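Since the structure comes first, as structure tokens, the remarks are kept for the end.
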Amino acid sequence: MKAAAIRQKYLSFFEERDHLRVPSASLVPPPEDRSVLLTTAGMQQFQPYFRGEQTPPHPRVTSCQKVFRTPDIEEVGTTARHLTFFEMLGNFSFGDYFKQKAAEYAWELSTSGFGLDPDRIWVTVFGGDPDLGIGPDDEVIEVWRSIGVPDDRIVQLGRADNFWQAGPTGPCGPCSELYYDRGPAFGDDDVRPGDDTERYLEFWNLVFMQMLLHEDGTLTTLPDKNIDTGLGLDRMASILQDVPSVYETDQFWPLIELGQELSGRSYEEDDFAVKRALRILADHGRGMTFLIADGVVPSNEERGYVLRRIMRRAIQQARVLGLEDAVLPRLAERVIELMGYEYRELVEQRDTILKWTAAEEESFRRTLAQGERLLGDLVRRAKEQETSWIDAEDAFRLHDTYGFPYELTKELLAAEGLAVDDQGFEELMERAREVARGGASVRQQTGGMHERVISFAKGAGFPSRFVGYETTEADTVLGAVDGANGHMLAKLAESPFYAEGGGQVSDTGLVETPSGRAQVEGVYRLGDDQAVALSVAEGELVAGEAARALVDRERRLATMANHTATHLLHAALRRLLGTHVRQAGSYVGPDKLRFDFTHGERLSAKETAAVEDLVNQWVVASLPVRAVETTRQEAERLGAMALFGEKYGDWVRMVDVEQVSRELCGGTHVASTAEVGLFHLTHETSSAANVRRIEAVTGPEGIQQFRERTEELRELAGMLRVPEREVVPAVRKLVEQLREASKKPRGSDRELAESLLEKANEVGGVRVLTEVVEVPDQKALLELSDQVKQRLGDAAVVLGTAVDGRVHLIANFSPAAVERGAKAGDVVRAAATVAGGGGGGRDTMAQAGGRDPSKLPEAVAAARVAIESSLGT
């Protein structure tokens, strides 16, 4: 049975049993889910239903969810079953059926639906845990017995294997897993499910969410018992297609074949390194393609780091197969051919996927080439010193500073008869991991206020109906309040206040009742519900009283103008730069808009001017802006864009700017682009690797900035005693006079500094300059680097010169460069190593020397690689 048929049979089976089919969520979790970087389970998108924060669309649902699990990256290719990206089939019950029905469904579909031999199916159950104070899950043991599973095929396992919990506290419960015995060819007869072997393949997990784990370690029973299950599509395919591993199934084998075709190597070779390399290419090729399609771009942070890591591992394994030409775009093309029929985003984002795969491969191959040169120097030194190894510190520097894979270092050293200290390298890696863990950016759910708001909203017993699209004032009822007079939470029956979401800030305003008056300080979004944070100004607020709710209209109108301008900006960027541009974060407030988007290069002055001009053309055209509520399917048919990381239901709100933009958006907007007033782009900079950031102002704020600049221009004109229109020529004249009057001891240095400025380019939001120069001594080199750095602004400058047979290097970095990860001391040491020397200094300024002037160009090139690596490119 092919994978597509397995997917369809599973979903149809549960649809026929009153389960609503729900589409896969993105691999990028919605902004409110801060617990993970990537979607790791089928239940991820249903967490608000399991927690009781939102009402599910149906008591029973089924889905085929895209998931990505980073803990298995190192296992990929080594075992027959581990993958990073895969599809998880699931059926879910929210307070409806429980263990008996879930087990019956799983058994029926496995045996009657998929035709598995019931005598080869084993089940594992929770065997109890003294720390939790509970014994074996006797209830599910009796369920399996009633279905006909004999006791000798019911295996009790501990908490690590058969107990699920969302975190240190919260919903939890025992689980039961189904394993398929693949026979003696896969393992000895004395192994059992739960052993780390290939004989018993786990294919289905049933989670019984029935308890709540508290901070003191005690357990209480949940009022609603839920079912969360997951069946691995690729694992089921390997069973039904009777192949030894997931890599030989119909969705993987064409990727293996591509690797064979490109390399001339065979999967069946008596060389496990070849088989492992082909498997890694297949898995990582599939994973990277789906991640990019869902808006992730390669970087050195968070999701982008995961993507970059698997892309670089794939390139490394391509080299194991002897592949020197680009392979990632070819893999992506094959993945789109294989799975684009089911996941249309792959087809729609094809150009974007190919752009990022090609760019990353080109960049990393340059890194590999540089690393091989540096490794060659280490090999020569080891042979000169007649040692059989290189230091772990040198191997770690290649890995950490230059991004050169440790496995490749070991492989190339082995070819030269040399080794490296694995334990020493691992100790250095662990120190780096500790640093990374200390600065981890995976944000956890905050306890106090988050839980208080949810508890209050649920306890109120009614939802607040948002009426803010139609009006900024509402006569309503103060249905519930929480907290003493002062700062408190409130629920309004009808609320005109927009709750923060989709990048747009929440409204502020007033709530007035016969008993008191309060300022609205913020609005909490709770799915389709909301709660209002109030600061009481007069009297007291009493639940049940009539209330007048007034939005701060001026603030709202300014925010609306910025939100519509954000849609126009997004459209302009895609039209002028390409469809690879995707939103990667935004802020929409009354003061400005900020828009992060995927793009690998700094916008030129010409490009930023073109973007600003195009947006203003649309503003002047007075185009209608309409919000339409429709089905998700219809919105997609009309070409509406779903924004990065947002979660949408079946019924969506589409904001349409006539002939310009269609986006799914729950924010507030002006009725015509003319209401934006004007659009002025104030900043364009780097937000992260391969992510740019634009800030802009519109409407009242834009007018205010225009007034301020006009006043400044008038003041300058007064100081220069010229008309306003002649300020620029007058300043130019003064600059020329200043240059003439400036007497420097080395006029040639000034000219040299001018020529160097033109050679700087931007990397990760920092102007980078690395050059070999001719100056008389180290002091002159330092003065020159100071001049250049001051002129460049946010800069990382490395200059080198050779004097009297010695190499001199200066690294001079601005504080902004250091904040982005570049450290002068680290960079100059890396460069000096190439020239046979050493050095160091502060993060902002460091000096080094070397013995080999012939290596000066390579040393300066090494400095650039180190800077680019530290800046995340």
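The values are calculated or read from the model by the stated rules, or taken from the named source; none is laboratory data. Values in this document were obtained by computation on a predicted structure and should not be read as measured data. Using ideal geometry, Cβ is built from the backbone for each residue, glycine included, and neighbour counts are taken over all protein chains shown. What goes into the accessible areas is simple: the full protein's heavy atoms, side chains included, and nothing from ligands, DNA or RNA. Shrake-Rupley method; radii C 1.70, N 1.55, O 1.52, S 1.80 Å.
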In sequence order, calculated HN-Hα J values of the range 122-139 (Karplus, 6.51, -1.76, 1.60; Hz; x Gly/Pro): 10, 10, 10, 9, 6, x, x, 7, x, 5, 7, x, 10, x, x, 7, 4, 4
- prompt: Which is farthest toward the positive dipole end of the chain among L418, V125, L576, measuring Cα position about the Cα centre, with Cβ charges +1 (Lys, Arg) and -1 (Asp, Glu)?
  reply: L576
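Once you list every other residue whose beta carbon is under 12 Å from the beta carbon of D394, what net charge do they have if Lys and Arg are +1 and Asp and Glu are -1? List each step's numbers first, then the result.
Values: positive: R381, R397, R829; negative: D377, D391, E393, D400, D421.
With Lys, Arg at +1 and Asp, Glu at -1, the neighbours total -2.
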task: Could you pull out every residue, at least 5 positions away or on a different chain, whose amide H is within less than 5 Å of the one on W204? Hs are placed 1.01 Å off N in the peptide plane, and Pro or chain starts have none.
output: L178
message: Give me, ordered by chain and number, the residues 5 or more places off G479 or on other chains with an amide H under 5 Å from its own placed amide H.
response: K491, L492, A493, G544
Radius 14 Å from Cβ of E726, net charge of other residues (Lys, Arg +1; Asp, Glu -1): +4
Of every Cα-Cα pair in the range 714-873, the percent that sits beyond 25 Å: 37 percent
- prompt: Based on DSSP, what percent of beta bridges with both residues in the range 462-517 are antiparallel, to the nearest 5?
  reply: 75 percent
message: With both bridge residues required to lie in the chain, what share of the DSSP beta bridges run antiparallel, to the nearest 5%?
response: 85 percent
query: Applying 1/(1 + (r/R0)^6) with R0 = 51 Å to the Cβ-Cβ distance of H487 and E301, what FRET efficiency is obtained, to the nearest 0.05?
result: 0.90
task: Might you report the magnitude of the Cβ-based charge dipole of the chain about its Cα centre, with Lys and Arg at +1 and Asp and Glu at -1, to the nearest 20 debye?
output: 2660 debye
field: Ellipticity estimate at 222 nm from DSSP helix runs (n ≥ 4, -39,500 (n - 2.57)) divided over the chain, nearest 500
entry: -12500 deg cm²/dmol
- request: Calculate the length of the line joining the C-alpha centroid of the range 665-690 to that of the range 283-332, in whole Å.
  value: 32 Å
Residue among V274, L321, I310 farthest towards the positive dipole end of the range 269-335, charges placed on Cβ: I310
- request: Please label the shape of the range 517-635 as rounded, prolate or oblate, based on the square roots a ≥ b ≥ c of the eigenvalues of the alpha-carbon gyration tensor (a/c under 1.5 means rounded; beyond that, a/b larger than b/c means prolate, else oblate).
  value: prolate
- request: Please turn the phi angles of the range 334-350 into ³J(HN,Hα) values with the Karplus equation 6.51 cos²θ - 1.76 cosθ + 1.60 (θ = phi - 60°), one per residue in order, whole Hz, x for glycine and proline.
  value: 5, 4, 4, 4, 6, 10, x, 5, 8, 10, 5, 4, 5, 5, 5, 9, 3
- line: Going residue by residue through the range 62-67, the Karplus relation 6.51 cos²θ - 1.76 cosθ + 1.60 with θ = phi - 60° gives ³J(HN,Hα) values, rounded to whole Hz and with x marking Gly or Pro, of 9, 7, 10, 9, 6, 9
query: What number comes out for the charge environment of D826, summing +1 per Lys or Arg and -1 per Asp or Glu over other residues with Cβ under 12 Å away?
result: +2
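How much length would be gained if the chain were fully extended between N761 and D325, taking 0.36 nm per residue of separation minus their Cα-Cα distance, in nm to one decimal?
Details: separation 436, 0.36 × 436 = 156.96 nm, distance 2.75 nm.
Fully extending the segment from N761 to D325 adds 154.2 nm.
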- prompt: Considering only protein heavy atoms, what per residue accessible area in square angstrom results for the chain with a 1.4 angstrom probe?
  reply: 44 Å²
- prompt: Going toward the positive end of the dipole of the range 750-860, with +1 on Lys and Arg Cβ and -1 on Asp and Glu Cβ, which of V766, V827, V860 do you reach last?
  reply: V827
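Quick one: putting +1 on the C-beta of Lys and Arg, -1 on the C-beta of Asp and Glu, what dipole do you get for the range 187-256 around its Cα centre, in Debye to the nearest 20?
On the way: 4 positive and 15 negative charges, 59 e Å.
Result for the range 187-256 is approximately 280 debye, rounded to the nearest 20.
Compute, for the range 485-525, the length of the dipole vector about the Cα centre, with Cβ point charges of +1 (Lys, Arg) and -1 (Asp, Glu) only. Units Debye, rounded to 20. Each step should come with its number before you reach the end.
Working: 3 positive and 5 negative charges, 20 e Å.
The dipole of the range 485-525 has a size of about 100 debye.
For the chain, which whole percent of the accessible surface, found with a 1.4 angstrom probe, sits on carbon and sulfur atoms? Numbers along the way, then the final one.
Numbers: 18370 of 38700 Å².
The C+S portion of the solvent-accessible surface of the chain is 47 percent.
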- line: For E712, the accessible surface traced by a 1.4 Å probe with all protein chains present amounts, in square angstrom to the nearest 10, to 110 Å²
message: List the GluC sites (Glu not before Pro) within the range 590-632 that DSSP assigns to loop and that have no more than 16 neighbouring Cβ atoms inside 10 Å.
response: E601
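Anything over 30 Å Cα to Cα? Flag those among K759/K779; K383/K759; K66/K491; K225/K491; K606/K823, in the order listed. Walk me through the numbers before you get to the answer.
Values: K759/K779 22 Å; K383/K759 38 Å; K66/K491 37 Å; K225/K491 28 Å; K606/K823 32 Å.
Where the Cα-Cα span goes over 30 Å, the pairs concerned are K383/K759; K66/K491; K606/K823.
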- prompt: At a probe size of 1.4 Å, how large is the accessible area of S266, to the nearest 10 Å²?
  reply: 50 Å²
- prompt: Roughly what percent of Cα-Cα pairs across the chain reach past 36 Å?
  reply: 59 percent
- line: Residues whose built amide H sits under 5 Å from the amide H of T229, excluding neighbours closer than 5 in sequence, are N91, V207
